[in-house]
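One structure is given below, encoded as structure tokens.
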Amino acid sequence: MQANDKESEPAAAETATPESFEAAAESALPADAGPALEEALRQAQAKADEYHDAWLRAKAETENVRRRAQEDIAKAAKFSIDRFARELLAVKDSLEAALASETSSVENLRSGTELTLKQLVAAFEKSTLAEINPLGEKFDPHRHQAISVVASEQEPNTVVTVLQKGYLLADRVLRPALVVVAKGTT
């Protein structure tokens, strides 16, 4: 008889319809539960709509922040040299004034050139551009570029001659100094 019971169960499940499940669910709930469930569903839907709206707003705000940050980066790259360029304008003006002078003596030309160099050095200092002049210092391959090695009375691996000064931009090597280094005696 147990075999017959098992065979009859699948047949009963096959005849079940969605309507029969709804009817069974409704009969299991109290009669006054319908309006309360509808109200709970409306509240849940309202809360879901509110969360969805908040999510959309947060997503839009994130996009706006990302876009503004990209614009700021582009502007910073485009105008990063602005301060330095303003400082160089005074140097250019001084050079033009020296060239425009009709009666220039060697002394006037020299003093004008010295003043222009002072303006240029001041512009470099304001822009954190520092000079590397390593004469007598130990050779540093990160800041110096050795052109040759010569026999010298100085300590081995010391800069003997500076052929071209180097420059740092905010502690970063912009151009290494070209140097001649003392050879060790062997």
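The values are calculated or read from the model by the stated rules, or taken from the named source; none is laboratory data. Given the structure is predicted, the values throughout are model-derived calculations rather than measurements. The accessibility values were calculated without ligands, DNA or RNA, using every heavy atom of the protein model including side chains. Shrake-Rupley method; radii C 1.70, N 1.55, O 1.52, S 1.80 Å.
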Checklist entry - Of all DSSP beta bridges located in the stretch 127-186, what percent are antiparallel, nearest 5? => result 65 percent
Checklist entry - Taking a probe of 1.4 Å, how large is the accessible area per residue of the stretch 111-186, in Å²? => result 67 Å²
Next on the checklist: Students often forget the sequence filter, so: which lysines lie under 21 Å Cα-Cα from residue 78 once same-chain residues fewer than 8 apart are removed?
Outcome noted: 126
Item to check | Per residue accessible area of the stretch 43-109, 1.4 Å probe, in Å² | outcome: 88 Å²
Checklist entry - Regarding the stretch 110-151, what are the three Cα extents along the principal axes, ordered largest first, in Å? => result 40, 25, 15
Item to check | Of all accessible heavy-atom area on the stretch 65-154, the percent that carbon and sulfur account for (1.4 Å) | outcome: 59 percent
